[in-house]
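Engineer: First the structure, then my questions, so here it is.
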Amino acid sequence: VMTSPVEAYLNISDSVNYTHGIFGLTASSVLSISPTEDELQVAGVTDPLCTVTTTLEDGSSYVLKIGAEYGEEGDTGYIGYLEGTDILWLFDKSSVPWVNMVPEDAMSSMIFGTYIYDISNLTIVTDEGTRSFVCEGDSADNYLVLLDGKEYDRERYSKFYQALISAPAEQIYLDDDSATKRIAAIIIEKNEGSEKESVEFFEADDREVIIRKNGKVSFKTRASYVNKALLPNIKNIDTDAEFITNW
């Protein structure tokens, strides 16, 4: 067993070193060098929990397999195997948060997923107060929009919602749930009475914001989106100014 798994990894070959950069992972330690077929099977990589395949522009492809969970409380993770390295690695759980993701989690960079004509209520909460859209109808022909109890231009509401759904999920983020300073919240209720859709933006470090989708930490995006698009667009609801979609 090597005491410096990262150095061992980087010294295998230039191509493997490049792969390490692609995945952006750091192993916590090495479990086995040149594992046998039996060891691979016990490690769970012959029937992996998760497989990540990266294909480059030159057609070369790299495959990372995440197998069995290991460890006890406070020191748990997964066994991993990068095809071509002949090494079993140990990864902390925090290094591979996507292991238990379902395909829908990564299908789209869009945060909001409700079709505009399926919305019955759209509530916006910021430090400056609460705004409430109430919507009736199910198509452009019969859609009626009220803002805080007063009729609101349907086309302008449509443009606002189009700007709203441009909010980017720039990176999947599942780790830190400690953010407490909420900047804004969008709560959507649907016509069919299904569960509400909520999207909340919280202050974070490094000029980013943490996004909680339906109460769960889900994404990060640039703070510039909130400061230059989201908050100004909310203020522009009562004006004739164009809604901002680029920032």
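Engineer: Rounded to whole Å and sorted largest first, what semi-axes of the equivalent ellipsoid does the C-alpha gyration tensor of region 40-95 yield via the square root of 5 times each eigenvalue?
Structural biologist: Those come to 23, 12, 9 Å.
Engineer: Hey, another quick one. Specify the angular offset, from 0 to 90 degrees and rounded to the nearest 10, of the alpha carbon long axis of helix 154-164 from the longest principal axis of the alpha carbons in the chain.
Structural biologist: 20
Engineer: Follow-up question, since we're still on this one. Run the accessible area of region 83-187 with a 1.4 Å probe and give the carbon-and-sulfur part as a rounded percent.
Structural biologist: Whole-percent figure for carbon plus sulfur exposure: 48.
Engineer: Also, quick follow-up: What does the charge count near ILE124 come to, summing +1 for each Lys or Arg and -1 for each Asp or Glu among other residues with Cβ under 11 Å from its Cβ?
Structural biologist: Charge balance in the 11 Å sphere: 0.
Engineer: What's the local net charge at TYR143, with K and R +1, D and E -1, over the other residues with C-beta under 15 Å away?
Structural biologist: Local charge sum for TYR143: -3.
Engineer: How far apart, in nm, are the 7 Å Cα→Cβ label points at ASP205 and ASP153?
Structural biologist: Once both label points are built, they end up 4.5 nm from each other.
Engineer: Right, here's the next one. Over the chain, what relative contact order in percent results from Cα pairs under 8 Å that are six or more residues apart?
Structural biologist: 12
Engineer: Next up: Let me check against my output: what whole-number percent is the relative contact order of region 102-233, with C-alpha pairs under 8 Å and at least 6 apart?
Structural biologist: Normalised by residue count, the contact order of region 102-233 is 23 percent.
Engineer: By how many nm would the segment from GLU57 to SER139 grow when fully extended, if each residue of separation counts as 0.36 nm and the alpha-carbon distance is taken off?
Structural biologist: 25.2 nm
Engineer: Taking amide H positions as placed 1.01 Å from N in the peptide plane, with prolines and chain starts having none, which residues 5 or more places from CYS50, or on another chain, fall under 5 Å of its amide H?
Structural biologist: Those qualifying (amide H under 5 Å, at least 5 residues apart or on another chain) are ILE66.
Engineer: Once amide H atoms are built 1.01 Å from N in the peptide plane, which residues 5 or more positions from ASN191, or in another chain, come under 5 Å H to H?
Structural biologist: When sequence neighbours closer than 5 places are left aside, the close amide H contacts are ILE119, SER120.
Engineer: Additional query: State in Å² the accessible area per residue of the chain; use a 1.4 Å probe, count heavy atoms of protein chains only, and round to the nearest integer.
Structural biologist: Per-residue value: 57 Å².
Engineer: Hey, what do the phi angles of region 142-152 turn into as Karplus ³J(HN,Hα) couplings, whole Hz, using 6.51/-1.76/1.60 and θ = phi - 60°, x for Gly and Pro?
Structural biologist: Per-residue couplings from phi come out as 10, 7, 10, 10, 10, 10, 6, x, 10, 4, 10 Hz.
Engineer: For the chain, the longest stretch holding no trypsin sites (Lys or Arg not before Pro) located in a DSSP loop with at most 15 other Cβ atoms within 10 Å is which?
Structural biologist: 1-180
Engineer: Amide H of GLY44: which non-local residues (sequence gap of 5 or more, or other chain) have their own amide H closer than 5 Å, using H built in the peptide plane?
Structural biologist: Correct list: ALA68.
Engineer: Taking Cα atoms of region 148-188, Rg/Rh with Kirkwood Rh, to two decimals?
Structural biologist: 1.11
Engineer: Compute, for the chain, the length of the dipole vector about the Cα centre, with Cβ point charges of +1 (Lys, Arg) and -1 (Asp, Glu) only. Units Debye, rounded to 20.
Structural biologist: Working: 19 positive and 43 negative charges, 173 e Å.
The calculated dipole for the chain is roughly 820 debye.
Engineer: Please give the Cα centre distance for region 146-170 versus region 117-139, rounded to the nearest Å.
Structural biologist: 8
Engineer: For LYS190, give me every one of the lysines with a C-alpha distance below 17 angstrom, ignoring sequence neighbours fewer than eight places off in its own chain.
Structural biologist: LYS213
Engineer: Tabulate in residue order the Karplus-calculated ³J(HN,Hα) for region 127-141, using 6.51 cos²θ - 1.76 cosθ + 1.60 with θ = phi - 60°, rounded to whole Hz; enter x for Gly and Pro.
Structural biologist: Computed from phi, the couplings for region 127-141 are 4, 8, x, 10, 10, 9, 9, 10, 10, 10, x, 9, 7, 5, 6 Hz.
Engineer: Next up: Just the number, please: Stokes-Einstein D of the chain in µm²/s, Kirkwood Rh from C-alpha pairs, 10 °C, 1.306 mPa s.
Structural biologist: It comes out at roughly 75 µm²/s.
Engineer: Same structure, new question: Placing one identical point scatterer on every Cα of region 28-166 and ignoring solvent, what is log10 I(q)/I(0) from the Debye formula at q = 0.10, 0.14 Å⁻¹?
Structural biologist: Taken in order of the listed q values, log10 I(q)/I(0) reads -0.60, -0.74.
Engineer: OK, next. What are the extents of the Cα atoms of region 124-196 along their three principal axes, in Å, largest first?
Structural biologist: Its Cα atoms span 44, 26, 24 Å along the three principal axes.
Engineer: What does the net charge come to around ALA179 if you take all other residues with beta carbon closer than 12 Å to its beta carbon, with K and R at +1 and D and E at -1?
Structural biologist: Result for the local shell: -3.
Engineer: When a/c reaches 1.5 or more, the comparison of a/b and b/c decides; with that in mind, is region 127-246 rounded, prolate or oblate per its Cα gyration tensor?
Structural biologist: The shape class here is prolate.
Engineer: Enumerate the calculated ³J(HN,Hα) couplings along region 112-117 in order (Karplus 6.51 cos²θ - 1.76 cosθ + 1.60, θ = phi - 60°), each rounded to whole Hz, writing x wherever the residue is Gly or Pro.
Structural biologist: 8, x, 9, 5, 4, 7
The values are calculated or read from the model by the stated rules, or taken from the named source; none is laboratory data. This is a predicted model, so every value here is computed, not measured. Positions of Cβ are backbone-derived with ideal geometry, glycine not excepted, and every protein chain shown enters the neighbour counts. For the accessible areas, the whole protein counts, side chains as well, though only heavy atoms, and no ligand, DNA or RNA atoms are used. Shrake-Rupley method; radii C 1.70, N 1.55, O 1.52, S 1.80 Å.
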